[in-house]
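Only the coordinates and a few stated rules stand behind these numbers; no lab work does. This one's a predicted model, so the numbers in the text were calculated from it and none came from an experiment. Note that each Cβ is placed from the backbone with ideal geometry, even for glycine, and that neighbours are counted across all protein chains shown.
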Amino acid sequence: MRNSSLRIKFVFVIISTALLIGCGSSRKVSRLDSGQVTDISGRWNDTDSRVTAEAMISDLLDNPWLTDYTAVKGHKPVLIVGQIRNKSSEHINTEVFIKNIEKAVLKSGKAAFVASSDERMQLREERMDQQHFASPETMKKWANETGADHMLLGSINSIVDSYEGQRVIYYQVNLELIHLESNTKVWIGEKKIKKLIEQSKYGW
């Protein structure tokens, strides 16, 4: 009788385990093209960052300030990106946005970029190291850096509105180009994005 009871318990455990495995969730991973638009959550994503940067830089470089500057100075301006503040209601990696801006500017060929403050610190450490260990022919000199003419500053803002199963996220990105010596604002740009998210039965 005891052996029969043990066999029944063993069969029960086997069946329960099989049911748990069968009901378990499965995961499928698919590779996507990096340029493909993918809006899953409705929040700020890589497409928003890239499209916004390209649109704003296109406006920045197709503006009278650039023509006036090159006419007076005889060369293309040198830019640097300052602080891009995330003032939105969600986490946004502003470094990705900054790199998209730099890429769009350099791709145009109409302006140049100098390294950021963090990047300059690494470069200066390498230059210091060269003073002791590099040959005189290859050693890079001090006080020979290119100074930026203008700094690009900005912010990313958002407004969220929701009612009866629908949610709207509104993003507004503002950028300003300021002349470093005179503090004169030579360009102000703005890009708006609005998304409608429908609520599913699972909630947000």
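With respect to the conditions (1) part of a helix (DSSP H, G or I); (2) at positive phi; (3) of a type outside the set (F, W, Y), I98 falls short on a single one, namely (2).
Scanning segment 52-70 for residues that are without any contact (Cβ under 8 Å) to a residue 24 or more places away in the chain and either surrounded by 14 or more Cβ atoms within 10 Å (Cβ to Cβ) or touching a Gly at 6+ places or on another chain (Cβ under 9 Å) (or both) returns a single hit, T70. Residues of segment 71-98 that are closer than 28 Å to W142 by Cα and either surrounded by 15 or more Cβ atoms within 10 Å (Cβ to Cβ) or not charged (D, E, K, R) (or both): G74, H75, K76, P77, V78, L79, I80, V81, G82, Q83, I98.
Any idea how many residues of segment 95-133 are within 27 Å of A55 (Cα to Cα), basic (K, R) and more than 21 Å from the chain's Cα centre (by Cα)? Within segment 95-133, residues that are within 27 Å of A55 (Cα to Cα), basic (K, R) and more than 21 Å from the chain's Cα centre (by Cα) number 1.
A count restricted to segment 127-156 and to residues that are of a type in the set (D, E) and touching a residue at least 12 places away in the same chain (Cβ under 8 Å) stands at 2.
Quick check, is N157 closer than 24 Å to R85 by Cβ and not in a strand (DSSP E or B)?
Numbers: closer than 24 Å to R85 by Cβ: yes; not in a strand (DSSP E or B): no.
Criteria not met by N157.
Of all residues in segment 144-190, those satisfying the criterion of being among the hydroxyl-bearing types (S, T, Y) and surrounded by 16 or more Cβ atoms within 10 Å (Cβ to Cβ) are S155, S158, Y171.
What do you reckon, is K141 surrounded by fewer than 12 Cβ atoms within 10 Å (Cβ to Cβ), within 20 Å of the chain's Cα centre (by Cα) and on the phi < 0 side of the Ramachandran plot? Let's see the steps before the verdict.
On the way: surrounded by fewer than 12 Cβ atoms within 10 Å (Cβ to Cβ): yes; within 20 Å of the chain's Cα centre (by Cα): no; on the phi < 0 side of the Ramachandran plot: yes.
No, not satisfied.
Residues that are within 26 Å of the chain's Cα centre (by Cα), of a type in the set (S, T, N, Q) and assigned to a helix (DSSP H, G or I) within segment 56-70 comprise just one, S58. In the condition set (1) of a type in the set (K, R); (2) without any contact (Cβ under 8 Å) to a residue 24 or more places away in the chain; (3) under 25 Å from K73 (Cβ atoms), R120 is compliant with all but (2).
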